[in-house]
1. Which residues, counting only those in the stretch A:485-507, are in a strand (DSSP E or B) and either more than 14 Å from A:Val462 (Cβ to Cβ) or out of contact with any Leu (no Cβ under 8 Å at 6 or more places or on another chain) (or both)?
2. Which numbered condition trips up A:Glu335, out of (1) of a type in the set (D, E, K, R); (2) in contact with a Lys or Arg (Cβ under 7 Å, 6 or more places away or on another chain); (3) surrounded by fewer than 24 Cβ atoms within 10 Å (Cβ to Cβ)?
3. With the requirement that a residue be basic (Lys, Arg) and either more than 22 Å from A:Gly132 (Cα to Cα) or out of contact with any Gly (no Cβ under 8 Å at 6 or more places or on another chain) (or both), what does the stretch A:66-107 give you?
4. Residues A:Ser84, A:Ser128, A:Ser43: which one is of a type outside the set (Lys, Arg) and either in a strand (DSSP E or B) or within 25 Å of the chain's Cα centre (by Cα) (or both)?
5. Scan the stretch B:228-269 for residues that are in a loop (DSSP other than H, G, I, E, B), hydrophobic (A, V, I, L, M, F, W, C) and more than 23 Å from B:Thr156 (Cα to Cα) and report the count.
6. In the stretch A:221-268, what count of residues is obtained for those that are assigned to a helix (DSSP H, G or I) and more than 9 Å from chain B (Cβ to nearest Cβ)?
7. Tally up the residues in the stretch A:1-15 that are surrounded by fewer than 24 Cβ atoms within 10 Å (Cβ to Cβ) and touching a residue at least 60 places away in the same chain (Cβ under 8 Å), please.
8. So A:Leu294 fits all but one of (1) in a loop (DSSP other than H, G, I, E, B); (2) at pLDDT 95 or above; what number is the exception?
Amino acid sequence: MSEEISIRITGEAGQGIVAAGLMLCRMYKDSGRHVFAIQDYMSRIRGGTNFFQARAAAVPVYAPREKADLMIALDKEAVASNKSALAPGGVLVLDAEKSGIKELEKGWFNAPIYALAREAGGPLYANSVALGMAAALTCVEFDKAGEAVRNEFSAKGGEVAAKNALAARKGFDYAAGNMKARSFRLAAAPHGRNCLLAGNEALALGAISAGCKFYTAYPMSPSTGIMDTVADYAARYGIIVEQAEDEIAAVNMAVGASYAGVRSMTASSGGGFALMCEGLSLAAMTETPLVIALVMRPGPATGFPTRTAQEDLEFALHAGHGEFARAVYTPGSPEECFLAAKRAFNTAERFQVPALILSDQYLAESVTNLEFPDVSAEPPDRGRLLKGDTGPGTGRYSYSPDGVSPRPVPGRSAALAAADSDEHGPEGHITELAEVRLKMTRKRLGLKLAGLAKEVLRPTVVNPGSKTMLCGFGSSLGVMREACAAVKDAGFVHYPQVWPFPAAETLAALKGAGRVLTLEGNATGQLARLMRRETGLEPAGSVLKYDGRPFTLDEAAAALERGN
Amino acid sequence: MEAADFNSADPVAWCPGCGNFGIQAALKTALAELGKKPRELLLVSGIGQAAKMPHYIKANFFNGLHGRALPAAAAAKIANRELTVIVTTGDGDCYGEGGNHFVHNIRRNVDMTVIVHDNRIYGLTKGQASPTSEPGLKTRIQPGGVILAPFPPLETALALGCGFVARGYAAEREHLAGLILAGIRHKGFSLIDVFQPCPSFNKLNTFDWYARRVYKVGPGHDVTDKAAALALAAERERLPLGVLYSRARPDYGELSGLDGMKPLVDAELDNIDLSPALADFR
């Protein structure tokens with residue numbers, strides 16, 4: 001009996017690898033396992049080689065493994081590019097006829113995947129054959145696979161669903177009848193973590209829950225999944241989703257709608273976010289609440305469009321010309337994505353500042369099962385928004401002890417709503433006066449930052465005082481959690497918010513630590529630099545990965561072992 | 001309402017003799033005739049001399065980034081469809097820096113009125129060529145004269161399917177006020193390109209220059225005839241003023257379903273029930 005197993009289904013784009021993977025996740029989740037699955041795909045719609053790798057276990061899992069115990073490859077190229085990732089003692093199932101492979105290596109097993117698919121209706125059903133085989137080879141009862149198929153394909157009509165179910169059945173029966181000796185027995189334990197969610201979906205649900213009523217973006221991988229999910233629920237929740245002509249339009253639309261009193265959001269990846277920088281600065285100057293999700297991928301320029309990175313930490317901290325206060329959230333899990341979205345909307349409105357949410361392709365598209373966080377957490381707090389007949393205000397940008405002024409809603413408050421991107425006086429009109437400039441800068445920068453700092457999300461600290469302490473932000477939460485549980489005398493600090501930087505909390509968390517290392521998905525150790533700058537504490541080194549792939553548990557644990 | 005009800009306390013920073021004064025007067029006249037209160041109006045602008053207009057009219061205002069007035073204005077209207085949204089922009093702001101937004105917001109067709117103060121020169125940056133500058137116009141940057149072909153705003157708008165296309169002249173205040181009022185009353189994206197002499201920097205397209213060329217489109221012109229509108233817009237020797245094209249077409253509010261919804265700004269944000277969405281992820 002295995003505690004866990006990693007299953008990789010691989011093939012070219014267009015073969016339904018993602019659908020197969022999502023069905024795998026559902027099947028394991030519904031059969032009493034926890035799952036964590038990554039998507040690895042090329043920037044193309046057909047061809048190439050993609051894979052979906054699900055890790056299923058009797059205990060909660062939060063990170064991918066380096067190797068797959070069971071691999072099902074749907075074409076020749078998939079075999080060639082994935083065989084090195086087969087774990088020792090692992091099984092690779094392939095269709096020798098389809099792949100034109102004559103010699104089977106150790107652990108390889110030939111199965112008539114395509115003949116079975118054709119029997120079910122055609123070669124398109126190979127992915128469901130693979131699912132059925134995976135079920136049989138990991139001793140999951142067929143019903144769970146069948147339910148997963150119905151769930152995945154029911155929207156496409158009864159015939160498609162029925163043919164896929166038949167394909168899964170044929171795959172299951174073939175593997176049960178012919179490959180039983182190669183099967184894995186996987187432990188199970190009933191659990192209540194019944195939601196199956198990726199980071200982008202969780203972030204979108206957070207925005208919906210926060211009352212976002214206007215979502216605008218220009219499509220860009222890997223941020224588009226947020227727009228997809230919001231669009232799926234737009235009609236039900238009274239949300240307008242507007243695809244912008246470019247990211248400059250998107251950010252200016254988000255600011256315009258927010259100025260008019262509506263919770264608004266946009267998202268992009270690095271290149272699109274670069275185009276938004278002036279708009280970010282506009283939000284700060286006009287003190288208009290703005291929420292932007294930056295779902296990172298490797299750059300520079302177009303980079304790796306469908307892969308992952310944490311390269312834009314410093315970019316997010318400094319994006320936009322001029323000096324102004326902002327909040328930067330770096331959630332580490334789908335749960336944290338949900339809460340970060342809700343928090344970001346509140347922060348943006350209460351402080352009238354831009355709030356950024358940093359995610360990355362790995363977090364955005366990795367699927368895991370979880371108990372959904374409390375939806376009533378972080379109820380909408382609109383700060384000093386003026387609605388109704390509150391009487392004329394003292395000016396949109398009137399000075400106040402915390403730097404936040406009353407914000408009239410055009411057409412809804414008695415006071416007129418002003419917004420100006422020029423330097424302006426308390427009434428919002430253009431000024432050239434030095435003393436006004438000084439007061440306004442203090443309001444936008446110092447006073448607001450002080451308020452934001454008081455409410456910064458505290459880092460997650462596990463095993464303080466360990467011989468090695470890993471520090472990370474964003475998507476590294478899960479891999480640090482598991483690696484530190486697997487290695488002796490290791491702990492970690494994870495930042496769900498990196499700006500304002502929680503300096504005092506960092507120093508307290510790392511007090512008595514042996515060696516401090518950062519673990520980051522970039523080439524230069526951006527978090528290490530930030531920590532040094534904000535605390536004076538210099539991490540001893542950084543575990544860096546910048547090949548476009550996520551950290552695996554194996555890599556992180558090995559780095560910790562080296563550190564110890 | 002009277003024109004004086006829209007007076008702003010903010011001191012005006014335009015040059016003496018600027019065509020903007022005529023546009024400002026026409027806008028106030030149109031707003032008085034419209035009868036809406038300042039709190040029901042939203043003036044949106046980018047950056048440039050024209051973009052200062054919202055400071056000089058009493059209303060809600062959003063003075064945003066250079067070239068980006070249209071996306072901000074469109075979204076504000078989407079956020080609260082009860083607002084009357086007017087954009088005051090210039091040829092550099094709207095046709096140059098914001099050209100992409102000009103194209104796509106005509107397609108988007110949100111109900112707003114866009115007044116382009118077209119002085120065919122860059123005023124705020126002191127006299128460089130604009131997208132509508134005459135070829136041959138000499139500037140410090142273009143000492144041999146402008147060589148780029150001028151951007152044709154009216155023909156572009158007509159080609160894109162804009163439902164209201166008009167041209168005014170800053171010196172014809174009453175006529176311009178009528179165009180603005182008609183533009184506001186048209187449901188959808190309304191474009192009013194306004195000839196605006198710039199005495200400081202454009203020594204070519206002066207009041208005298210315009211006086212010799214402009215004429216008002218007569219009652220014989222069928223404003224629903226797009227071919228006729230295109231022919232008028234293409235005239236280069238004599239320059240027609242008036243509504244060239246006006247035809248109802250479904251706007252964003254109608255097509256997006258927004259018109260059937262409570263204004264987004266009035267949505268209740270407390271106690272949003274997420275359970276129907278969450279059920280899909282179980």
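The values are calculated or read from the model by the stated rules, or taken from the named source; none is laboratory data. Just so it is clear, the model here is predicted, and its values are computed rather than measured. Cβ: placed from backbone, ideal geometry, glycine included. Neighbour counts: every protein chain shown.
1. Just the residues of the stretch A:485-507 that are in a strand (DSSP E or B), to begin with: A:490-495, A:497-499.
Scanning the stretch A:485-507 gives A:Gln497, A:Val498, A:Trp499.
2. (2)
3. A:Lys83, A:Lys98, A:Lys102, A:Lys106
4. Just one listed residue meets the conditions, A:Ser43.
5. Residues of the stretch B:228-269 in a loop (DSSP other than H, G, I, E, B): B:234-238, B:247-251, B:257, B:261-263, B:267-269.
With hydrophobic (A, V, I, L, M, F, W, C) added as a condition, the list becomes B:234, B:248, B:261, B:267, B:269.
Those left that are additionally more than 23 Å from B:Thr156 (Cα to Cα): B:261, B:267, B:269.
Looking only at that region, the number is 3.
6. Going through the stretch A:221-268 one residue at a time, the tally reaches 9.
7. Filtering the stretch A:1-15 down to residues surrounded by fewer than 24 Cβ atoms within 10 Å (Cβ to Cβ) leaves A:1-4, A:12-15.
Next, only the ones that are touching a residue at least 60 places away in the same chain (Cβ under 8 Å) stay: A:1-4, A:12, A:15.
Selection size over the stretch A:1-15: 6.
8. Evaluating A:Leu294 over (1) in a loop (DSSP other than H, G, I, E, B); (2) at pLDDT 95 or above leaves (1) as the failure.
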